[in-house]
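A.B. asks: I am attaching a structure below and will ask some questions about it afterwards.
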Amino acid sequence: MKNFFRKILGVIVLAGSVYMGYRFAKRYKLIGGKFNGVHLPPRQQKASKVTNLTGRQQRILQVLKANQGKTDMQSFLKQVRGVTERTLRRDLAVLITRKLVKKQGATKSAKYFLL
């Protein structure tokens, strides 16, 4: 019976050690910070805002570059074939949140600028 409780205690101590190691790694290595005067670098940022874009979103950026960095929805509809206006607006919203495109105006009179 005594050995049984020692084994249980050993498992509990091991599980606690693993959990504390996980918390330490999460806090100091992934987020960055100082420990014992040693500065650990923060997490790396993404290499570029342009990565992980769909083909359609890349095509929208190409259209903007071809039109000297500014265009409107009608121009997008003519140059990006087979896509509805609603889909283009969704893709433009993603590009705006990634700060690749700026929108000026509202609804049909909106102009889009390349940043």
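Only the coordinates and a few stated rules stand behind these numbers; no lab work does. Keep in mind it's a predicted model, so treat the numbers as computed, not measured. Every residue, glycine as well, gets a Cβ built from its backbone with ideal geometry; the counts of neighbours run over all protein chains shown.
A.B. asks: Return the distance in nm (one decimal) between the two label points of a simple spin-label model at THR87 and GLN58, each offset 7 Å from Cα along Cα→Cβ.
C.D. replies: If labels sit at THR87 and GLN58, their model points lie 1.7 nm apart.
A.B. asks: Can you check how the C-alpha radius of gyration of the stretch 55-114 compares to 2.2 N^0.38 Å, as a plain ratio?
C.D. replies: 0.96
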